[in-house]
Amino acid sequence: MAKRIRPEDSAWSDYAGELATNLRRLRHEAGLSQEDVAYRSGLTRYTYQKYEKGESKPGTPANPTIRTLLAMSQALGVSLMDILPAKIPDLRLR
């Protein structure tokens with residue numbers, strides 16, 4: 001039996017993908033390696049790599065804590081708003 005995907009799950013997955021794209025772009029613009037950003041953010045390289053893939057665990061959309069998002073923004077030298085995608089998904093249960 002296939003698992004039913006709720007609309008809010010799909011919206012979060014899309015948002016996590018955009019977050020990942022922003023992290024990669026900003027890291028490249030800053031001239032940093034994944035290891036640099038991970039170390040400066042207090043993360044393991046593996047964890048940071050998963051965020052750049054839009055995942056927390058394989059097959060699960062990324063869901064970093066606010067603390068982690070702030071640490072990554074500081075490591076990249078950008079504001080939190082630069083990391084977060086502009087279009088916020090509707091996550092209310094239907």
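Restrict the check to region 20-29 and report whether at least one residue is over 14 Å from the mean Cα position of the chain (by Cα), open to solvent by 60 Å² or more (accessible area, probe 1.4 Å) and acidic (Asp, Glu).
yes
GLN74 fails exactly one of the following numbered conditions: (1) open to solvent by 80 Å² or more (accessible area, probe 1.4 Å); (2) touching a Lys or Arg at 6+ places or on another chain (Cβ under 7 Å). What is the number of that condition?
Condition (2) is where GLN74 drops out.
Working only within region 40-53, note down all residues that are open to solvent by 90 Å² or more (accessible area, probe 1.4 Å) and either in contact with a strand residue (DSSP E or B) (Cβ under 9 Å, 6 or more places away or on another chain) or in contact (Cβ under 8 Å) with a residue 12 or more places away in the chain (or both).
Of everything in region 40-53, those that are open to solvent by 90 Å² or more (accessible area, probe 1.4 Å) and either in contact with a strand residue (DSSP E or B) (Cβ under 9 Å, 6 or more places away or on another chain) or in contact (Cβ under 8 Å) with a residue 12 or more places away in the chain (or both) turn out to be ARG40, LYS53.
The values are calculated or read from the model by the stated rules, or taken from the named source; none is laboratory data. The shown structure was predicted, so the numbers you read here are calculated from the model rather than taken from an experiment. Note: ideal-geometry Cβ built from the backbone for every residue, glycine included; neighbour counts use all protein chains shown. The accessibility values were calculated without ligands, DNA or RNA, using every heavy atom of the protein model including side chains. Shrake-Rupley method; radii C 1.70, N 1.55, O 1.52, S 1.80 Å.
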